[in-house]
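Asks: Here it is: the structure, laid out below.
Any read-out appearing in this document is the output of simple, stated calculations on the displayed coordinates, not a laboratory observation. In this text the structure is predicted, and so the values were computed from the model without any measurement. Here Cβ is always computed from backbone atoms with ideal geometry, including for glycine, and neighbour counts include all displayed protein chains.
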Amino acid sequence: MTWAVGEFSQEEDRYAEVLRRQWSSDTLRGIYRDAYGADYPEEADPFGFVTRTDLVRIAELCGHVRGRRLADLGCGRGGPGLEVARALGTSLSGVDVVEAAVLEARTRASAHEPATDARFEVGSFEATGLGTGSCAAVMSVDALWMVWDKPAAFAEVTRILEPGGHFVFTTWEPAYLDHRALLSEAGFEVLVHEETPAWLSRQLAVYRGILSHRRELAGEMGQTAAATLIAEARETRSVLATTPRVLVAAKKGAESSGLSRRPRRSRA
Ligand SMILES: C[S@@+](CC[C@H](N)C(=O)[O-])C[C@H]1O[C@@H](n2cnc3c(N)ncnc32)[C@H](O)[C@@H]1O
């Protein structure tokens, strides 16, 4: 069997086929399980590099939000947001640019125990479709690095958060990108900025697993999805050492509405 592996695409919806076919690959789940051990949050069935430890830390940093609404931006197939909403006792609004992911998140939510008031919609970080001041906290797992217009994304998070609400996210941080400065420009006070524990060895182990199971992945997920994973595993390994995976928590200032900011188009 052969498969075409192109360049790793820069499009925000480049994982659409992976998100659509991930459920069908026991091999991919096995690769994550082997790389993470007991820290693999299998019940969340994530697509990214979130661990049980990260999910607990995200919930802890969301603040006192019981009975109110949590948003998960770049929610993918919904599992991480549902687990955090369950831990916090909140309702959940998940948003993602990929429709297939949103549809699967809705199915997952309908089977989630205990029942969570969860809505999943197609939308983007920059235009979530959520009401102004409607969220007590906003979380995002491993999605912000894909967003082209980060100032517009931060302005939108400011808009949807209640005053004093927390924004907690994981992402990768290249040297040229200063999340702290962008957050403070958008009216946030940065509370926590930390590298996530042991992320590099886990991520490299996942990439090794993908590269040594190419045939199985293509057979289970189809060539397009497998080619996307293989391109990422090949092309991003070399930049990881200088691109730490960070967990950031920031608090919206009482004065910031997010409304005065004009979105800028830049790969900030
Ligand atoms: C690595 S996946 C993480 C998914 C999920 N958070 C998880 O951990 O399972 C990144 C997600 O971000 C979404 N995404 C990329 N750009 C986005 C944007 N501008 N707005 C919203 N979602 C976006 C992708 O479609 C994808 O589902």
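Results for (1) among the small types (Gly, Ala, Ser); (2) more than 10 Å from the ligand (Cβ to nearest atom); (3) crowded, with 24+ Cβ neighbours inside 10 Å, shown as yes or no for each residue.
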position: Glu121; (1), (2), (3): no, yes, no
position: Trp145; (1), (2), (3): no, no, no
position: Pro174; (1), (2), (3): no, yes, no
position: His179; (1), (2), (3): no, yes, no
position: Leu182; (1), (2), (3): no, yes, no
position: Glu185; (1), (2), (3): no, yes, no
position: Val192; (1), (2), (3): no, yes, no
position: Ala198; (1), (2), (3): yes, yes, no
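Asks: Now for a different question. Those residues that are touching a residue at least 40 places away in the same chain (Cβ under 8 Å) and touching a Gly at 6+ places or on another chain (Cβ under 7 Å), I need them from segment 77-89; list them, please.
Replies: Gly78, Gly81
Asks: What are the residues in segment 56-76 that are in contact (Cβ under 8 Å) with a residue 40 or more places away in the chain, more than 8 Å from the ligand (Cβ to nearest atom) and not basic (Lys, Arg), if any? Steps first, please.
Replies: We begin by selecting, within segment 56-76, every residue in contact (Cβ under 8 Å) with a residue 40 or more places away in the chain; these are 57-58, 61-63, 65, 68-76.
Checking which are more than 8 Å from the ligand (Cβ to nearest atom) leaves us with 57-58, 61-63, 65, 68-71.
The answer is Ile58, Leu61, Cys62, Gly63, Val65, Leu70, Ala71.
Asks: Restricting to segment 82-105, give me the number of residues that are more than 10 Å from the ligand (Cβ to nearest atom) and small (Gly, Ala, Ser).
Replies: Total satisfying the criteria: 5.
Asks: Still on this structure, please answer the following. Out of segment 235-249, which residues are surrounded by 15 or more Cβ atoms within 10 Å (Cβ to Cβ) and assigned to a helix (DSSP H, G or I)?
Replies: Leu240
Asks: Another one. Taking Gly79 and the conditions (1) within 12 Å of the ligand (Cβ to nearest atom); (2) buried (at least 23 other Cβ atoms within 10 Å of the Cβ); (3) more than 20 Å from Tyr15 (Cα to Cα), which numbered condition does it fall short on, given that it satisfies the others?
Replies: Just one mismatch for Gly79, condition (3).
Asks: Just to verify a result, which residue in segment 124-143, among those that are of a type in the set (Gly, Ala, Ser) and on the phi > 0 side of the Ramachandran plot, is nearest to the ligand (Cβ to nearest atom)? Write out each step before concluding.
Replies: Here is the first cut: in segment 124-143, the ones of a type in the set (Gly, Ala, Ser) are 124, 127, 129, 131, 133-134, 136-137, 140, 143.
Going one step further and asking which of them are on the phi > 0 side of the Ramachandran plot, we end up with 129, 133.
Details: Gly129: 11, Gly133: 20 Å.
Only one residue tops the list, namely Gly129.
Asks: Looking for whichever is without any contact (Cβ under 8 Å) to a residue 12 or more places away in the chain and of a type in the set (Ser, Thr, Tyr) here; the options are Ser110, Ser124, Ser140, Ser93. Which one fits?
Replies: One residue alone meets the criteria, Ser110.
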